[in-house]
Amino acid sequence: MDHLVVVTGGPGSGKTTLIDHLASLGYARTTEAGRALIRDQREIGGRGLAWRDDDLFAELMLAWEIRTHREAAALPGPVFCDRGVPDVVGYFLLRGLPVPEHVTEAARRFRYHRRVFVAPPWPEVFTGDTERHQSPEEAERTYRAMIEAYPACGYEPVELPRVPVAERARFILSHTSPGTRGH
C-alpha cells in the first residue's frame, strides 16, 4: 500500500489544512475519523464520544480507519490519509492503556507507505473549535503518542517542518517514493 501516505500528529498542527491543500492540487485524500465521529455522535445523541465512552470512541475510530483504508486502497496514485489505523494504537498509548490485540492486528494488516508524516505541535496555528476540545498540552501528548505508535507498527516517522502549507506539501511530495509522486 505504498500509495497510501499518512499525515498524523496532534490536534491543531495543520494536518487537515495540508491535506486540503494536497487535494486542491488534484491528489486523493481521506477524512479524519475523530472529527467526523464527533459530528455524527453529537448529531444522533450517541455515546461514542471520547469524553463519554473512550472505549467506544476508540472502536468507532478503528472501524472508520479500516473502512477508509479499504476505500483508499482502491484509488489510483497517491492518497493522502488524514491519520491511519496506527493512530488508534496511539490513542490507547495516549490514555496509558494496553493496546488490545485486535487493534494491534488491524495495524499489522492495514498498511500504508513506510514513511509517515508527523505534524509537530504548532502553538501559533493551534485553535480550538466545536470538535477540538483538546488543550495545547494534550495536543503535545497526542503528538508524542503518535511518534511512539507509528515506529512500533513498523513505520518511519518524518517530522513535518513548521512552514507555510505549500512548502509542507512540497516537503511531503519530495520525501515519498517515486510510485507515490504522480497523480
What do you get for the angle between helix 15-24 and the principal long axis of the chain? Use alpha-carbon atoms, 0 to 90 degrees, nearest ten. 40
Go through segment 110-117 residue by residue and turn each phi into a ³J(HN,Hα) via Karplus (6.51, -1.76, 1.60, θ = phi - 60°); whole Hz please, and just put x for glycine and proline. 9, 9, 10, 3, 4, 8, 10, 8
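Got the relative contact order for the chain handy, in percent, Cα pairs under 8 Å and 6 or more residues apart?
Working: 301 pairs, mean separation 65.6, N = 183.
Relative contact order comes out at 36 percent.
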From the C-alpha coordinates alone, can you work out the Kirkwood hydrodynamic radius of the chain, in Å? 16.3
What distance in nm separates the two pseudo spin-label positions at Ala23 and Ala63, each 7 Å out from Cα along the beta-carbon direction? 2.3
Report ³J(HN,Hα) in whole Hz for each residue of segment 58-73, in order, from the Karplus equation J = 6.51 cos²θ - 1.76 cosθ + 1.60 where θ = phi - 60°; Gly and Pro get x. 4, 5, 5, 4, 4, 4, 4, 5, 5, 4, 4, 4, 4, 5, 5, 4
Those chymotrypsin sites (Phe, Trp or Tyr not before Pro) from segment 14-107 that are DSSP loop and have at most 11 other Cβ neighbours within 10 Å turn out to be Trp51
Cut-off under 5 Å, modelled amide H: who pairs with Val116 long-range: Glu156, Val158
Evaluated over segment 1-104, the Cα radius of gyration and Dmax, each in Å: 14.0, 40
Electrostatic dipole magnitude of the chain [Cβ: Lys, Arg +1; Asp, Glu -1; Cα centre; debye, to 20]: 460
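We did not get these values from a lab; they are worked out from the coordinates using the rules stated. Everything quoted here is computed from the prediction, not taken from an experiment. Note that each Cβ is placed from the backbone with ideal geometry, even for glycine, and that neighbours are counted across all protein chains shown.
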